[in-house]
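Asks: Quick one: structure below, then a few questions.
A short reminder: the numbers here are calculations on the coordinates, not readings from a lab. None of these values were measured; they are calculated from a predicted model. Virtual Cβ from ideal backbone geometry, glycine too; neighbours counted across all protein chains shown.
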Amino acid sequence: MKQLIPELINELENLPVVQVLGKLSSLFPGKVVFSTSLGWEDQVITHHIAENKLPIRIFTLDTGRLFPQTYTVLSSTLQRYKTRIEVFFPEFNAVEKMMNEKGPMSFYESVENRKECCGIRKVEPLKRAIAGSSVWITGLRSEQSDNRKDLAIAEWDEVNAIIKVHPLLHWSLDDVKNEIRKYLIPYNPLHDKGFVSIGCAPCTRAIKDGEDFRAGRWWWENKNEKECGLHTGNH
């Protein structure tokens, strides 16, 4: 699978998002999965999958600590598109153990504790969600952070042994917003309040003018540590 990356980059680069999704679903029938956090970018991809009835599995991770508005947009998305979005939860035994041993806010105490929480609530469920798939579609964009600016549209995820594809890689945030408006796509109202990247409620805040896109995630940590482990490696 890894050897297919150069060819995929050549085939997918500069294609419209619908053509990227369609080509992947034909090249890897029944083996393409899309992870949505229900943010702006992911809602655009969900829209194009659902509207074109593409055979791509859609799933989301419910960490147990999401904003109420995130559940609202999940509900409105299901109603609008009449499609299935699988929900994966963390293993309850691991959550219980962490909460009982370290309390409900241990992630504020150290980077190690925060990564433990992300590992339990996000990384482990992700591995179950993508198991058996060949291609994992994401909503990553190159302008979201310095660590993502050099990404290719297709890459090999060594940790999960899967091809990752980023159909919106070269889109700007304005491109995403315009697509939302054009198709009246449901989106999280927190975006209108300065929340550009929305994760768990205790770990997300709105960003201020001039702040980095990722500044609202784990704002108490060093900038270079701001990843949860879903996109392991250089981004």
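Asks: I want to check the label-to-label distance for residue 94 and residue 159. Put each point 7 Å from Cα in the C-beta direction and report it in nm to one decimal.
Replies: 1.2 nm
Asks: What number, rounded to the nearest 500 deg cm²/dmol, is the helix-based mean residue ellipticity at 222 nm of the chain, given -39500 (n - 2.57) per DSSP H run of at least four residues and division by all its residues?
Replies: Working: 8 runs with 82 residues, N = 235.
Counting only the DSSP helices, I get -10500 deg cm²/dmol.
Asks: Right, here's the next one. Before anything else, pin down the relative contact order of segment 29-166: Cα pairs under 8 Å, at least 6 apart, normalised by residue count, whole percent. Let's see the in-between values first.
Replies: Working: 169 pairs, mean separation 36.7, N = 138.
Relative contact order of segment 29-166: 27 percent.
Asks: Still on this model: At 0.36 nm per residue, minus the direct Cα-Cα distance, what do residue 23 and residue 53 gain on full extension? Give it in nm, one decimal, please. Intermediate results must be reported in sequence, preceding the final value.
Replies: Details: separation 30, 0.36 × 30 = 10.80 nm, distance 1.33 nm.
Extra length from residue 23 to residue 53 when fully extended: 9.5 nm.
Asks: I would also like to ask the following. Take the Cβ-Cβ distance between residue 170 and residue 211 as r, set R0 to 22 Å, and report the resulting FRET efficiency rounded to the nearest 0.05.
Replies: Working: r = 23 Å, r/R0 = 1.03.
So, using R0 = 22 Å, E works out to roughly 0.45.
Asks: Now for a different question. Per the Cauchy relation, a quarter of the hull surface: what is the mean projected area of the convex hull of the alpha carbons in the chain, in nm²?
Replies: Details: hull surface 49.0 nm².
Average of the hull's projected areas for the chain equals 12.3 nm².
Asks: Which loop GluC sites (Glu not before Pro) in segment 71-128, with loop taken from DSSP, have no more than 12 other Cβ atoms within 10 angstrom of their Cβ? Could you put the intermediate results ahead of the total?
Replies: Details: sites: 86, 91, 96, 101, 109, 112, 116; in loops: 91, 109.
Those that pass, being in a loop and sparsely packed, are 109.
Asks: Thinking of segment 104-180 as a set of Cα atoms, what percent of all their pairs are more than 18 Å apart? Don't skip to the answer; put the middle values down first.
Replies: On the way: 1667 of 2926 pairs.
The share of Cα pairs beyond 18 Å in segment 104-180 comes to 57 percent.
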